[in-house]
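The values are calculated or read from the model by the stated rules, or taken from the named source; none is laboratory data. Worth saying up front: this structure is predicted, and the values here are computed from it rather than measured. All Cβ positions, glycine included, derive from the backbone under ideal geometry; neighbour counts span all protein chains shown. These accessible areas exclude ligands, DNA and RNA; they are computed on the full protein's heavy atoms, side chains included. Shrake-Rupley method; radii C 1.70, N 1.55, O 1.52, S 1.80 Å.
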Amino acid sequence: MAQWALSADEINVAFYCGHIAQHTVEENENVMIYGPTVMNAEVICFKDDFDQVRTVGVSRGREQEKAVAQKTYPQIEKFEEITQKGILYSLEDGQVDAVIQDLTKAAGVPSYLCKPLSDTDYISYVIVVDKKFAQTEAFADFINSYNKAVDKLNKPEYLAEKLGVEKSWFQDKTIQFLRLEESED
């Protein structure tokens, strides 16, 4: 939905997965990918024995997550594309053995076990910006505020508090919020 708002000049900045970001800049010459914002944001959630995971639910269009999961966990035989609203239901109902979720959503469902999606770093989200807006003082102010927020979010105790989980929940998670380059003006 946000990609249409950006294309319709309703918003100036949007955070997208790489696939949607690339599609957006290909369709709209007035926007650009400014830079990566979040790394390693997804986890794979499951009920019991991860060794038994063969079918994994994933939100539609998340090709990068599928590729990363397949490389990390070669036992995965099949991916089922599911709407974001139905993804946890499919796991609970046994339609899939595991689901790939954003870490912030997984934190809200502590009854499931989670593993990192990968043992190597990958970019989860990027920022797409209207090219004209990127040249403004307002955008420079945004970047300054964004970078301050990043510094806080990269502290596990702060992120744990904001997500309502124990700091130990992040023990095997490698999420990292990335600072954006400030303009040289």
Query raised in the report: In straight Cα distance, which aspartates and glutamates are under 16 Å from residue 85, not counting same-chain residues fewer than 8 positions off?
Result: 93, 102
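Restricting to Cα pairs below 8 Å that are 6+ residues apart, what does the relative contact order work out to for the chain? Please round to a whole percent.
Numbers: 300 pairs, mean separation 60.9, N = 185.
About 33 percent, as a whole number.
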Report summary line: With residue 54 itself left out, Lys, Arg at +1 and Asp, Glu at -1 over residues whose Cβ is under 12 Å from its Cβ give -4
Query raised in the report: What are the semi-axes of the equivalent ellipsoid of the chain, taken as the square roots of 5 times the eigenvalues of the Cα gyration tensor, listed largest first and rounded to whole Å?
Result: 31, 20, 13
Query raised in the report: What spacing in nm lies between the two simple spin-label points modelled at residue 158 and residue 83, each 7 Å away from Cα in the Cβ direction?
Result: 3.6 nm
Query raised in the report: Just the C-alpha atoms of the range 70-160: what Rg/Rh do they give, with Rh taken as the Kirkwood radius?
Result: 1.07
Query - For residue 57, residues with placed amide H under 5 Å, excluding near neighbours - result: 80, 97, 98, 99, 100
Query raised in the report: Can you give me the Cα centroid spacing of the range 131-145 and the range 44-110 in angstrom?
Result: 36 Å
**Report entry** Residues with amide H under 5 Å from that of residue 131, placed H, sequence gap 5 or more
**Finding:** 31, 32
**Report entry** Across 105/148; 71/131; 115/152; 105/132; 115/162; 78/167, pairs whose alpha-carbon gap is larger than 30 Å
**Finding:** 71/131; 105/132; 78/167
Query raised in the report: So for the range 39-123: antiparallel DSSP bridges make up what percent, rounded to the nearest 5?
Result: 60 percent
Report summary line: Asserting the computed 222 nm helical MRE of the chain (DSSP H runs at least 4 long, -39500 (n - 2.57) per run, divided by residue count, to nearest 500) equals -9000 deg cm²/dmol
Query raised in the report: Out of the DSSP beta bridges found with both residues in the chain, what percent are antiparallel (nearest 5)?
Result: 75 percent
Query raised in the report: If the label point is 7 Å along Cα→Cβ of residue 132, which residues in the range 10-43 have backbone nitrogen under 15 Å from it?
Result: 10-13, 29-32
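Taking only protein heavy atoms and a 1.4 Å probe, what accessible area per residue, in Å², does the chain have with all protein chains in place?
Numbers: 10530 Å² over 185 residues.
Accessible surface, normalised per residue, equals 57 Å².
In whole percent, how big is the carbon plus sulfur part of the accessible area of the chain, probe 1.4 Å, protein atoms only?
49 percent
What is the extension gain from residue 67 to residue 50, computed as 0.36 nm multiplied by their sequence separation minus the C-alpha to C-alpha distance, in nm to one decimal? Spell out each step's value before the answer.
On the way: separation 17, 0.36 × 17 = 6.12 nm, distance 1.81 nm.
Roughly 4.3 nm would be gained on extension.
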Report summary line: Per the 1/(1 + (r/R0)^6) rule, R0 = 30 Å and r from the Cβ atoms of residue 30 and residue 182, FRET efficiency to 0.05 is 0.85
